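What follows is a set of notes on a single structure, which appears directly below.
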Amino acid sequence: MLNYLTIIFVCQLIGELIVVTAGLAMPGPVAGMLLLFIGLMLRGGVAPDLGRVADSLLRHLSLLFVPAGVGVMLHMKLIGAEALPISVSLIVSTLLTIAVTGLVMSRMSRVEKRSKPDGAE
Amino acid sequence: MQNLDQVWVYLSSSPLLHLTMTLVAYQCSQWVYARSGMNPLLNPVLLTIVLIVAVLVLTDTSYSAYFEGAQFVHFLLGPATVALAVPLYRQFDKVRRSALAISVSIVLGSLTASVSAVAIAALLGASESTLASLAPKSVTTPVAMGISEQLGGLPSLTAIMVIVTGIVGAMLGPLVLSLLGVRNMAARGLAMGTASHGIGTARAMQVNEVAGAFSGLAMGINALATALLLPVLWALFFG
């Protein structure tokens, strides 16, 4: 298990290094995720222990948001001052995103099905 | 015997207190959420944050003192982001068949999320650092915070935007999709995951297994798409 945790850390470290040295517009951990993903593609599968390490990191993903979220106490004044633009923007934009993504996907999968009439469905 | 004040001074200078507080508050919130039948209004992340902020304000503790302990939890966001490659890979195989439809929907969703959030807030007079903090709000927190920092936003403000976005999507998303007549479970899941990341995915999983899998996939791809597209888009408009 420890070796897979190490692999995850190494991916992140290399990711951070690539982003900093190449000046990429991408967070380091995302570059690390890409590296691990490429590794999995090359290897053609997820080793069971790697799966277990990843699942245990992700099972309580929402806990990991908490320390950053508590930082809201630093921004109470700003949020109060801009409460209207922030709340309208969050609600409208989230619902719009759900509508656009859902409609495009349902139209496109209908078209796909029609073009492959005896498809694997 | 030491008096209580001295004990408090000793404890609050050690990282153990605030680390433990974070874990205990989270578990209490999980329990309340489960007991409520997973009521989206009692989202455990939101509840945990409210609890901790209340305790910190009551005990007159600064955020930096709290973060001394909580940083150990915060640090794991990076490795957890890397670990997202695993579920992404697992689902990548399953959905390779509709790869085109999935990529087009998620990229359009990602653009809609950032552009509409920034446009609406800008029209209503938000400051530029608030706009930068809002732009990546549909992406899972660790990635959103990284993007926000790059754009000149406040990562901790972004974390709050992301969490509220997740809760809004989980509460109202299924209703919007039904009103629009989107009944295809893959499309419903994809929409939830693209717009409201992990919190939307948790909701989609409660409803339907297919929707849950597509939502998890959408969350991963959207994180990637937004991390690649948004900084470029931002440089075009605000650079």
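Sorted fewest first by neighbouring Cβ atoms within 10 angstrom, B:53, B:210 come out as B:210, B:53. Its Cα gyration tensor gives the protein assembly as shown an equivalent ellipsoid. The semi-axes, each the square root of 5 times an eigenvalue, are 33, 24, 21 Å from largest down. Using only side-chain charges placed at the Cβ, +1 for Lys and Arg and -1 for Asp and Glu, the dipole size of chain A relative to its Cα centre rounds to 300 debye. Given axes a ≥ b ≥ c from the Cα gyration tensor, I'd like to know whether chain A is rounded (a/c under 1.5), prolate (a/b larger than b/c) or oblate. Oblate. Shielding value for B:28-35 is 1, the average number of Cβ atoms from other chains within 10 Å of each residue's Cβ. Stretching residue B:210 away from residue B:99 to a fully extended chain increases their span by 38.4 nm, per 0.36 nm per residue minus the current alpha-carbon distance. Sorting B:72, B:92, B:214 by the number of Cβ atoms found within 10 Å of their own Cβ, with the fewest placed first, yields B:72, B:92, B:214. Averaged over the residues of peptide B:44-56, the number of Cβ atoms from other protein chains lying within 10 Å of each residue's Cβ is 4.
In terms of surrounding Cβ atoms within a 10 Å radius of their Cβ, A:110, A:59, B:203 rank from fewest to most as A:59, A:110, B:203. Place a point 7 Å from the Cα of residue A:52 along the Cα-to-Cβ direction; which residues of the range A:1-16 have their backbone N under 19 Å from it? Under 19 Å, as judged by backbone N against the label point of residue A:52, lie A:1-9 of the range A:1-16. Comparing mean-square fluctuations of B:115, B:73, B:164 from a GNM of chain B with C-alpha springs under 10 Å, the top value falls on B:73.
All of the numbers you see were taken from the coordinates with simple rules; none came from a lab. All figures in this text were calculated on a predicted structure; none of them were measured in a lab. Backbone-built Cβ (ideal geometry, glycine too); neighbour counts: all protein chains shown.
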